Amino acid sequence: MDMYQNPFMAFPGITPEEMGFLQQGTMELDDEQKKYFYMIYSSKRKNPQDLLLFTLLAFVGVAGVQRFMVGQIGMGILYLFTGGLCLIGTIIDLINHKSLANEYNRQMAFESFQLAKMGR
């Protein structure tokens, strides 16, 4: 597959679910809007492996960094002051790191789509 035809393949850690969502979401955009969408989305997207690394950081230091990364400031503060909800919440985030990243990336894709649709 040509990278020019599918630039989403360049994203590290992209899942088939995310790929399908992005392809379906950008179907109605013209080429210029797709380039603009790609530029915006690539700057906002979070890699699931990076989220996993920051979740592991909670075991040796600061709990809740992964929640700050995905824009959940309230949960990040709660994790920070409760030690990751006594590490139970951190363990759950270790298991669910891909779904946290996918949820965040889906929100960022929607925002990027709206910006690309409005034009430059």
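The values are calculated or read from the model by the stated rules, or taken from the named source; none is laboratory data. Treat the numbers as computed from the prediction; the structure is a model and nothing was measured. Counting neighbours? That spans all protein chains shown, and the Cβs are built from the backbone with ideal geometry, glycine included.
Only one of Leu51, Leu22 is at pLDDT 90 or above and under 14 Å from Lys98 (Cβ atoms). Can you tell me which?
Leu51
Would you mind telling me which numbered condition in (1) part of a helix (DSSP H, G or I); (2) within 10 Å of the chain's Cα centre (by Cα); (3) among the charged types (D, E, K, R) Asp93 fails?
(2)
Please determine whether any residue of segment 78-85 is modelled with pLDDT under 95 and in contact with a Phe, Trp or Tyr (Cβ under 8 Å, 6 or more places away or on another chain).
Taking every residue of segment 78-85 in turn, at least one turns out to be modelled with pLDDT under 95 and in contact with a Phe, Trp or Tyr (Cβ under 8 Å, 6 or more places away or on another chain).
Just to check your reading of the model, which residue among Leu85, Leu80, Leu51 is in contact with a helix residue (DSSP H, G or I) (Cβ under 7 Å, 6 or more places away or on another chain) and farther than 26 Å from Ala10 by Cα?
From the options Leu85, Leu80, Leu51, the qualifying one is Leu85.
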